[in-house]
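Here the structure comes first, spelled out in structure tokens, and everything after it is commentary.
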Amino acid sequence: MQAEYGAPGITALEAWFALLDRLRPADLETQLREVNDFFNRRVRWLDDIDIWGQEDFWATPLETLGRGQGDCEDFTIAKYVTLKELDVAEDELRLIYVRARIGRSSITQAHMVLGYYETPATDPLVLDNLVPSITRGSQRTDLDPLFSFNGRGLWAVGSSQSRADPVARLSRWRRVIDRMQQQGFIQGE
């Protein structure tokens, strides 16, 4: 990490470890809020082409923190992995691919957020890098969900039952999981 990202990368990683230590005994609401805030404050949004020289690259939390930059997928992946590290059940977390309306216009763009589901059919709490407050999905009228996934399933809009293996169907997800395993902070999904 030091050779690749320098002292700022080490500082960011140390702050992440301190966050994990501090939040382990905390209640779920505090964990969700502080994880969302940590990445929203610490990571600067930038397009993948400007960070990685690629149109669409999904970074691991180490890569995102090391650079201090990321796009929506990077924020979402980092929050997902951090909450899993805090023992939030994977079945309660989903990365949600949405169409986001920009301002009051009808212009939309692809976007990703993290959803926390108390049960599979519950209206999720949405953790986002565009809107800092955590709100219910039904209150986010600027987001149109397309599909969601985690390490165990892939869901179509409106379905509470997984239809496919996300690792087999989503190549970028598979690649980021492979890199996280190589970096040694997740076990095989």
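Derivation of every value follows stated rules applied to the coordinates shown; laboratory data play no part. Just so it is clear, the structure is predicted and the values come from calculations on it, not from any experiment. So basically every Cβ, Gly included, is an ideal-geometry build from the backbone, and we count neighbours across all protein chains shown.
Among the residues in segment 77-85, are any aromatic (F, W, Y) and either farther than 19 Å from G151 by Cα or assigned to a helix (DSSP H, G or I) (or both)? Taking every residue of segment 77-85 in turn, at least one turns out to be aromatic (F, W, Y) and either farther than 19 Å from G151 by Cα or assigned to a helix (DSSP H, G or I) (or both). Taking the conditions exactly as written (farther than 23 Å from A110 by Cβ, of a type outside the set (D, E) and either surrounded by 18 or more Cβ atoms within 10 Å (Cβ to Cβ) or within 15 Å of the chain's Cα centre (by Cα) (or both)), does L93 satisfy them or not? It is false that L93 is farther than 23 Å from A110 by Cβ, of a type outside the set (D, E) and either surrounded by 18 or more Cβ atoms within 10 Å (Cβ to Cβ) or within 15 Å of the chain's Cα centre (by Cα) (or both). Listed here are the strands (runs of 3 or more DSSP E) enclosed by segment 96-159 that have at least 1 residues being closer than 21 Å to R175 by Cα: 108-116, 143-149, 154-156.
Taking the residues in segment 65-86 that are over 8 Å from the mean Cα position of the chain (by Cα) and buried (at least 24 other Cβ atoms within 10 Å of the Cβ) as candidates, determine which candidate is nearest to D128 (Cα to Cα). Only one residue tops the list, namely D71. Considering only residues in segment 40-64 that are of a type in the set (V, I, T) and buried (at least 17 other Cβ atoms within 10 Å of the Cβ), the one that is nearest to R172 (Cα to Cα) turns out to be T60. Listed conditions (1) among the aliphatic types (A, V, I, L, M); (2) buried (at least 19 other Cβ atoms within 10 Å of the Cβ); (3) outside any helix (DSSP H, G or I) are all met by L32, apart from (3).
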